[in-house]
1. Suppose every K and R has +1 on its Cβ and every D and E has -1 on its Cβ; what is the size of the dipole of the stretch 192-285 about the Cα centre, in Debye to the nearest 20?
2. Please give the length that would be gained between ASN161 and ALA377 if that part of the chain were fully extended, namely 0.36 nm times their separation in residues minus their C-alpha to C-alpha distance (nm, one decimal).
3. When the Karplus curve 6.51 cos²θ - 1.76 cosθ + 1.60 is applied with θ = phi - 60°, which whole-Hz ³J(HN,Hα) does each residue of the stretch 246-256 get, with x for Gly and Pro?
4. Where the centroid of each part is defined by its Cα atoms, how far is the stretch 1-44 from the stretch 266-314 in Å?
5. Apply 1/(1 + (r/R0)^6) to the Cβ-Cβ distance of SER279 and LEU362, taking R0 = 56 Å, and write down the FRET efficiency to the nearest 0.05.
6. May I ask you to sort GLU135, GLU235, GLU164 by Cβ crowding, counting other Cβ atoms within 10 Å and putting the fewest first?
7. Can you sort TYR254, TYR60 by how many other beta carbons sit within 10 Å, fewest first?
8. Most exposed first by the Cβ proxy, i.e. fewest other Cβ within 10 Å, how do ASP63, ASP125 rank?
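Here, each number is a calculation from the coordinates, and none is a lab measurement. The shown structure was predicted, so the numbers you read here are calculated from the model rather than taken from an experiment. Glycine also receives a Cβ, built like all others from the backbone with ideal geometry; neighbour counts cover every protein chain displayed.
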Amino acid sequence: MPAGNSMLISHESEIQDSLICETIDFLSFNGSLANQSVHEQVDMGPRTPGSNGSHSLRMYLLDHLRGWDLTFQNHQYKELNITNVEAVYNSGMGNIVVLMAHYDTRQLADSVLSNNESPPDGANDGASGVAALLELGRIIPELGLNHEIRLVFTDAEDQGNLDESKNVTSIPWATGSQRWVENLSQTEIDGISSLIVLDMIGDKDLDFGKTIPANNTLWDITQRLAKLMGLVESETDCDGELGEPVFDISDVNYITDDHVPPHNVGIPVMDIIDIRYGSEEVLSGHWHTENDTIDKVSAESLEKVGKLVELGLRLGMWSGSNSTSNDSNSNSSLSSNDPISDTSIENEENTYRLMIGLFVFLFILISSLAGAWVIFAEKQGEV
Ligand code: 1BN
Ligand code: ZN
């Protein structure tokens, strides 16, 4: 069955707030480890396409994703060598959930607010999304999920609109993601229930709106989880406390990012990106400046986003199904999760409905025949 929006909606509506709140207590995403990764990535130097830093970053992914099936997918655009890295877990099992982040950093800090046009560190714009995916990659094997997960680390997201007179190569935004999509088969596209992009998620002062294009159900799910986690202003969380202003999906912005190519082929997508980085203005402040440095990123911010994604994974909200198997090796799947698949539950329900229908039909038929017999017998008696 192709994974689709209706599956996301129907599964979401079956999940009670009480189950979400119980699950929040089990979350294990560690923001300090993710923050440590931001430091390690920045220490590699700029990760511009084809650079030494870019190569070091890929070796680092290889080192940190043991137990995952990794492929390195090479492409070329103009003179830039581009390499996407895809890590797969539970290959071939159920729907596919894709978590995506770009690992490249921009060739120039070319914002009008920049004082120096050397390549930025990309602590938030690059390293934060990768760090979150790596931390999710560490914990996912412990969750006992019963569907496929892909972590896609894209190259060449951030090389759009560069001034080539400055000795750099300008290629379209999200070129790596575009190439990744072009290499998917239709069966793979149909099997992806959701694709979530994490970009610029480490800002100390987090401030997410809704980005489009997007699958609205994914944003509705995010809003619901964020509210219960205390991440929506003036809304009560699981403990009845008022939340902080981290997610506000009434603030909608169109963004060109890695989610656009998969959206264009019909994959349900959502881009979680904080476009107010060091400023109230969108795409201003530290964005594409020399100030995109580790001191602007916090473990707490990384943990908020990482835990939200983990929560959706544990509840099967991104896959549109009960997502944990009854794997005895899994030390953190919740006992209330049913190991029976959605399809077998549906089949069982249909059989019950059919039997009840048959019973009602037979009851009406027998009652009608009996009634007719009584009337007939009475008429015979009268004659
Ligand atoms: C995200 C981070 N992007 C660049 N760095 C994508 C983008 C491109 C966002 C243009 C807005 C405008
Ligand atoms: Zn950027």
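1. Numbers: 5 positive and 19 negative charges, 87 e Å.
Magnitude of the dipole: close to 420 debye.
2. Extending this stretch completely gives an extra 68.5 nm.
3. Here the 3J(HN,Hα) series is 9, 10, 9, 7, 7, 8, 10, 9, 7, 10, 8 Hz.
4. The stretch 1-44 and the stretch 266-314 have Cα centres spaced 15 Å from each other.
5. Working: r = 72 Å, r/R0 = 1.28.
My answer for the efficiency is 0.20.
6. The most exposed by this proxy come first: GLU164, GLU235, GLU135.
7. Working: TYR254 9, TYR60 18.
The fewest-first ordering by Cβ neighbours comes to TYR254, TYR60.
8. Values: ASP63 8, ASP125 26.
Final ranking by Cβ density, sparse to dense: ASP63, ASP125.
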